[in-house]
Amino acid sequence: MPNGYMGKILWINLSDGSIKKEELPEDIYRQYLGGYGLATKLIYENMPAKVDPLGADGVFGFFPGLLTGTVAPLSGRFMVAGKSPLTGGWGDSNCGGFFGPEIKKCGYDAILIKGKSDSPKYITIIDDETQILDASDLWGLDCVQTEDKLTEKYGKIQVASIGQSGEKLSLISGIVNDKARIAGRSGFGAVMGSKNLKAIVLRGSKKLELADKDAILNVTKEYNEGIKSASVGAIQAWKTLGTSFGNVISAQIGDTPIKNWGGTVAEDFPMDRISKISGEEITKYKEKSYGCFSCPVQCGAIMKVPEIGLEETHRPEYETCASFGHMCLNDDIISLFTVNDLCNRAGIDTISAGASVAFAIECYENGLISKEDTDGLEMTWGNSSAIIELIKKMINREGIGDILADGTKIAAEKIGKGSEKYAMHSGGQDLPMHSPKYYKSLGFGYAFDPTPGRHTIPSLDMMAGGPLMKPNGLIEGVALPRKFKRAGDDRYEAEKLTVALGQVRNSIGLCEFIDFFQKYPLFEVIKGATGWDLTVDEIMKIGMRIQSLRQAFSLREGVNIISNKLPERAVGVDYLEEFKGFCQKFGWNPENGYPLKETLTDLNLDFVINDLY
Ligand code: SF4
């Protein structure tokens, strides 16, 4: 077993109750690292092609990154991964908090779930003992109630659970830990719900063996000093306002979608209204800071909102504020706290939920649905009380809420009447709150990444072109080509670098925000954990391997990636041309997005060739 890993993964089959530990060879870790890198390899090989992700053959799991559980800065993230019931292709969802490190403490590098229980169950993993237990008294509870009840029973634990939305198989539901951190995208709440699995409880006491603990401690100390002493720029913004700092500035620069992507700040949601939901206004309700394991930034906050009797709730993130605020022309700050809390408790993704509400409003305003269809709700722009009631209906799948609970693509199919022009999704996943008109490289990522419509995809322009951001180079020895801003060879090379390094970042458990802060000691922390002396070339190859396998998974499922089109309102540059340029650099066929045979061989992915060719 290599240092930095626990050396085992855990398989749990809910159909027959079997529990199996498996040891993986070192070269698998070195080729796939951890997180969704390891997930692609394990799930691709253990899940037959074209199975129903909501059926017993569906496999999904929880994957801490390589560095997760170490003190390396911003490394506490984990991934939920499997086949997405929302897009039909590869699905993953990145989450923070304290659940990921606890997986390692329990002795595992991954927990994989397959099968389907015929009654509600929860799983406890307390060090070496794993049990599948009856969850009938938890079924129907929200995620906060579930975590509280399990904590009462077991004491200090980490819990990941689904709320009512996952139980009701909403395709935009997620899995919640730390009472409000949600692996929200790709629809894994429904996957967990389909298996009748309510929660996973973890408590571990195992220690990670590291190759050179002092080396990690030293670079961590230095990195954290930089974060501590930063008084301006992105670090300071994140520390004080969290991602809600973007509520104003992103709208100002034209990044935030307004009025379901059809409006503008000047005409529809002017700055005097946006300023009512600014990060500063929101943060007035802050009680204390909150952050993920081993993070010196602590960009989260625990809030108290007496106006609605909320004693403890998490600060709404930028994505939540934009989807329920700017997208719905809603400047009622208290309604943002309300819907954020409702969504987190029910375990429904706030991006897709807000996008679905904005879609419903536009349908209503244009006469495609009526007051009769909404059970009397006046779904007009900015009507915050109607927005809150609609979210409750979506959580409970009541009336119009049932139609909207699977995102805008499916809602438009059910409503018909030309409503698809208001459904702002990519491949079934509702678009997040950053515009490809501003960050141009988001276009091809939103359209053609194996998980379409995701704001967490590595994006060249977002990393390099934000108002508070400058390209920090991420790692020693890698610099963006000089002319990366213009279409052409340099730009495609830069996109290759960004996408490959992004896969590595995600697979070692790092928060994506490292791109915006200061140069990260990537090679040093990997070496300190594992002892591996990785080169830039090796890192690049690992990233390309992971992305090519993610892509191959979606292609094997029959997703016609190259035919996917973004809604016109969201289109900036010619994203197909940009993708073709990227494909040439990445060793993929620009005509269809398939990794070339020789690329697959070069990346040790020969096992994929027969599936694709
Ligand atoms: S910056 Fe925020 S989201 Fe990222 S690891 Fe730190 S606390 Fe978590």
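Read-outs throughout are calculated quantities, based only on the coordinates presented, and are distinct from any laboratory measurement. What you see is a predicted model, and the numbers here were worked out from it, not measured in a lab. When we count neighbours, we look across all protein chains shown, and the Cβ atoms used for this are built from the backbone with ideal geometry, even at glycine.
For n ≥ 4 DSSP H runs only, could you compute -39500 (n - 2.57) per run for the chain, divide by its residues and tell me the 222 nm figure to the nearest 500? Display every interim value, and only then the final one.
Details: 26 runs with 246 residues, N = 613.
Calculated at 222 nm, the ellipticity per residue is -11500 deg cm²/dmol.
Return the sequence-ordered ³J(HN,Hα) values of the range 147-154 in whole Hz as given by the Karplus equation 6.51 cos²θ - 1.76 cosθ + 1.60 applied to θ = phi - 60°, using x for Gly and Pro.
Residue by residue, the range 147-154 yields 5, 4, 5, 6, 5, 4, 7, 10 Hz.
Which value, in debye to the nearest 20, describes the size of the charge dipole of the chain about its Cα centre when Lys and Arg Cβ atoms bear +1, Asp and Glu Cβ atoms bear -1, and nothing else is charged? Numbers along the way, then the final one.
Values: 68 positive and 80 negative charges, 133 e Å.
Computed about the Cα centre, the dipole is about 640 debye.
How long are the semi-axes of the equivalent ellipsoid of the chain, defined as square roots of 5 times the Cα gyration tensor eigenvalues? Whole Å, largest first. Before the final figure, lay out each step's value.
Numbers: eigenvalues 213, 161, 129 Å².
For the chain, the ellipsoid semi-axes come out as 33, 28, 25 Å.
Just to check I understand the Karplus step: with θ = phi - 60° and J = 6.51 cos²θ - 1.76 cosθ + 1.60, what whole-Hz values come out for the range 342-354, glycine and proline as x?
In residue order, the calculated couplings are 4, 5, 5, 5, 7, x, 10, 5, 5, 5, 5, 5, x Hz.
May I ask you to order 523-534, 104-115, 269-280 by the average number of other C-beta atoms within 10 Å around their residues, highest value first?
Working: 523-534: 20.2, 104-115: 23.3, 269-280: 17.1.
By packing density, highest mean first, the sequence is 104-115, 523-534, 269-280.
Which distance in nm do the two modelled labels at ASN589 and LEU310 give, with both placed 7 Å along the Cα-to-Cβ direction?
Rounded to a tenth, the inter-label distance reads 4.9 nm.
If you put +1 on each Lys and Arg Cβ and -1 on each Asp and Glu Cβ, how big is the dipole of the range 477-613 around its Cα centre, in Debye rounded to 20?
On the way: 18 positive and 20 negative charges, 64 e Å.
Dipole size: approximately 300 debye.
Could you sort 377-385, 16-24, 427-435 so that the peptide with the highest average Cβ count within 10 Å comes first and the rest follow in order? If you can, show how the numbers build up before the last one.
Numbers: 377-385: 17.4, 16-24: 12.4, 427-435: 26.0.
With the highest mean Cβ count within 10 Å placed first, the list reads 427-435, 377-385, 16-24.
Amide H neighbours of MET303 under 5 Å, counting only residues 5+ apart in sequence or on other chains, H built in-plane at 1.01 Å?
Amide H to amide H, under 5 Å and 5 or more residues apart or across chains, MET303 pairs with GLU287, THR313, HIS314, ARG315.
Among ARG30, ARG77, ARG550, ARG482, rank each residue by its count of other Cβ atoms within 10 Å, from fewest to most, as a rough exposure measure. Walk me through the numbers before you get to the answer.
On the way: ARG30 15, ARG77 30, ARG550 24, ARG482 9.
Exposure proxy ranking, most exposed first: ARG482, ARG30, ARG550, ARG77.
Taking the Cα-to-Cβ direction at GLN518 and at GLU209 and moving 7 Å from each Cα, how far apart do the two end points lie in nm?
3.4 nm
Mind jotting down the distance between the C-alpha centroids of the range 228-293 and the range 547-580, whole Å?
Centre-to-centre (Cα) distance: 30 Å.
How do CYS295, CYS343 rank when sorted from fewest to most other Cβ atoms within 10 Å of their own Cβ? Intermediate results must be reported in sequence, preceding the final value.
Working: CYS295 20, CYS343 32.
So the ranking, lowest neighbour count to highest, is CYS295, CYS343.
Separation between the GLU281 and MET1 pseudo-spin-labels, each 7 Å from Cα along Cα→Cβ, expressed in nm?
Distance between label points: 5.2 nm.
Considering the options GLY4, GLY35, GLY558, tell which one lies farthest towards the positive end of the dipole of the chain, charges being +1 on Lys and Arg and -1 on Asp and Glu at the Cβ, about the Cα centre.
Going by the charge dipole, the pick is GLY4.
In nm, what is the difference between 0.36 nm times the number of residues separating GLN131 and THR535 and their Cα-Cα distance?
On the way: separation 404, 0.36 × 404 = 145.44 nm, distance 4.19 nm.
The GLN131-THR535 span can extend by a further 141.3 nm.
Under 5 Å between amide H atoms, partner at least 5 residues away or on a different chain: which partners does LEU66 have, H built in plane at 1.01 Å?
Hits under the 5 Å cutoff: GLY34, GLY35, ILE508, GLY509.
What's the center-to-center distance, using Cα atoms, between the range 65-84 and the range 154-189 in Å?
Centre-to-centre (Cα) distance: 17 Å.
What are the extents of the Cα atoms of the range 239-423 along their three principal axes, in Å, largest first?
Reported extents, whole Å, longest axis first: 50, 35, 30.
Using the Karplus curve 6.51 cos²θ - 1.76 cosθ + 1.60 with θ = phi - 60°, work out ³J(HN,Hα) for each residue of the range 257-268 in order, rounded to whole Hz, and write x for Gly and Pro.
Per-residue couplings from phi come out as x, 10, 6, 6, 6, x, x, 9, 4, 4, 8, 10 Hz.
If the chain between ASP375 and LYS156 were fully stretched, how many nm would it gain, using 0.36 nm times the residue separation less the Cα-Cα distance? Intermediate results must be reported in sequence, preceding the final value.
Working: separation 219, 0.36 × 219 = 78.84 nm, distance 4.35 nm.
Net length gain for the segment: 74.5 nm.
Arrange the following residues from fewest to most other Cβ atoms within 10 Å of their Cβ: GLU389, GLU495. Walk me through the numbers before you get to the answer.
On the way: GLU389 18, GLU495 25.
Lowest count first: GLU389, GLU495.
Can you find, among GLY427, SER385, ALA479, the residue farthest towards the positive end of the dipole of the range 384-530? Put +1 on the C-beta of Lys and Arg, -1 on that of Asp and Glu.
Of the options given, the answer is ALA479.
Name the long-range amide H neighbours of SER426: under 5 Å, sequence gap of 5 or more, or other chain; modelled H, no Pro or chain starts.
HN-HN under 5 Å from SER426: LEU431.
Taking the Cα centre as origin and putting +1 on Lys and Arg beta-carbons and -1 on Asp and Glu beta-carbons, what dipole magnitude results for the range 174-253, to the nearest 20 debye?
Numbers: 12 positive and 6 negative charges, 104 e Å.
Once rounded to the nearest 20, the dipole reads 500 debye.
What is the distance in Å between the Cα centres of the range 419-468 and the range 34-52?
Between the Cα centres of the range 419-468 and the range 34-52 lies a distance of 24 Å.
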